[in-house]
Amino acid sequence: MASAAPQDTPPWWTAFPEAQASCARVEAPEVAALLEKISAAGSGATRGFLLVDVRRTDWEGGTVSTSINLPAHTFYQTRPVTYQLCKQAGIRRIIFYCGSCGSRGPRCAGWMQDYLNEVGETGIKAEILVGGIKGWQKAYGGRLMDYYDEKTWAEQSK
């Protein structure tokens with residue numbers, strides 16, 4: 001007797017609830033202006049935003065300057081810690097992005113905003129970087145990027 005075909009493994013995000021909150025979208029030029037303002041102000045500058053890169057296995061070619069990497073597949077569980085760290089640091093905007101901001105970035109931003117809503121936080125907002133890292137690189141090349149690898153981007157554009 002033939003065995004049944006193996007079941008397709010469900011996507012990782014199905015283990016978590018769907019995000020309910022909608023999040024504002026921020027364009028790359030606005031984020032670039034935030035980064036340039038911080039850079040011009042020097043090391044003592046107050047920073048009211050956090051950039052969160054949620055890529056994991058496709059983290060290559062660099063990241064938007066000053067971003068932290070919190071992979072999407074583990075982000076849901078870390079929302080309380082992310083919130084506490086942002087609150088303590090005076091962060092008012094948490095800007096998420098992935099490769100193109102078609103799914104992981106918006107999903108993580110939604111989860112974060114859901115958490116902010118649950119705890120009654122009105123001074124911090126989760127946002128989505130339009131176009132993700134691919135849009136950023138297309139607009140700016142390696143400008144305002146950390147660990148920029150021109151070769152990786154050249155290979156992706158082939």
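The values are calculated or read from the model by the stated rules, or taken from the named source; none is laboratory data. This one's a predicted model, so the numbers in the text were calculated from it and none came from an experiment. Counting neighbours? That spans all protein chains shown, and the Cβs are built from the backbone with ideal geometry, glycine included. Heavy atoms of the whole protein, side chains included, go into the accessibility calculation; ligands, DNA and RNA do not. Shrake-Rupley method; radii C 1.70, N 1.55, O 1.52, S 1.80 Å.
Worth a mention:
- 1.4 Å probe accessible area per residue over the chain, in Å²: 56
- With a 1.4 Å probe rolled over the protein heavy atoms of all chains, the accessible area of Leu34, Leu116 falls in the order Leu34, Leu116, largest first.
- For Thr66, the residues whose amide H sits under 5 Å from its own are Asp146, ignoring neighbours fewer than 5 places away on the same chain, with H placed 1.01 Å from N.
- Near Gly48, once Lys and Arg are set to +1 and Asp and Glu to -1 for all other residues with Cβ below 14 Å from its Cβ, the sum equals +4.
- Bridge orientation summary for the stretch 14-158: considering DSSP beta bridges with both residues in this region, about 10 percent are antiparallel.
- Extension gain, Asp8 back to Lys138 (0.36 nm per residue minus Cα-Cα distance, nm): 43.3 nm
- Taking label positions 7 Å along the Cα-Cβ direction at both Arg25 and Thr152, the computed distance is 2.5 nm, reported to one decimal.
- Computed over the chain, relative contact order equals 31 percent, with contacts defined as Cα pairs under 8 Å that lie 6+ residues apart.
- Under the convention that each Lys and Arg Cβ holds +1 and each Asp and Glu Cβ holds -1, the size of the dipole of the chain around its Cα centre is about 260 debye.
- Partners for Lys151 among aspartates and glutamates (Cα-Cα distance below 17 Å; same-chain residues under 8 apart left out): Asp58, Glu60
- Once backbone amide H atoms are built at 1.01 Å from N, Gly48 has no partners under 5 Å, excluding neighbours fewer than 5 places away on the same chain.
- Fully extending the segment from Thr74 to Val119, taken as 0.36 nm per residue of separation minus the present Cα-Cα distance, adds 14.2 nm.
- Expressed as a whole percent, the accessible surface of the chain that belongs to carbon and sulfur atoms is 53, based on a 1.4 Å probe.
- Counting all C-alpha pairs of the chain, share separated by more than 18 Å (%): 60
- Reachable lysines from Lys87, criterion Cα separation under 23 angstrom, eight or more residues apart if same chain: Lys37, Lys125
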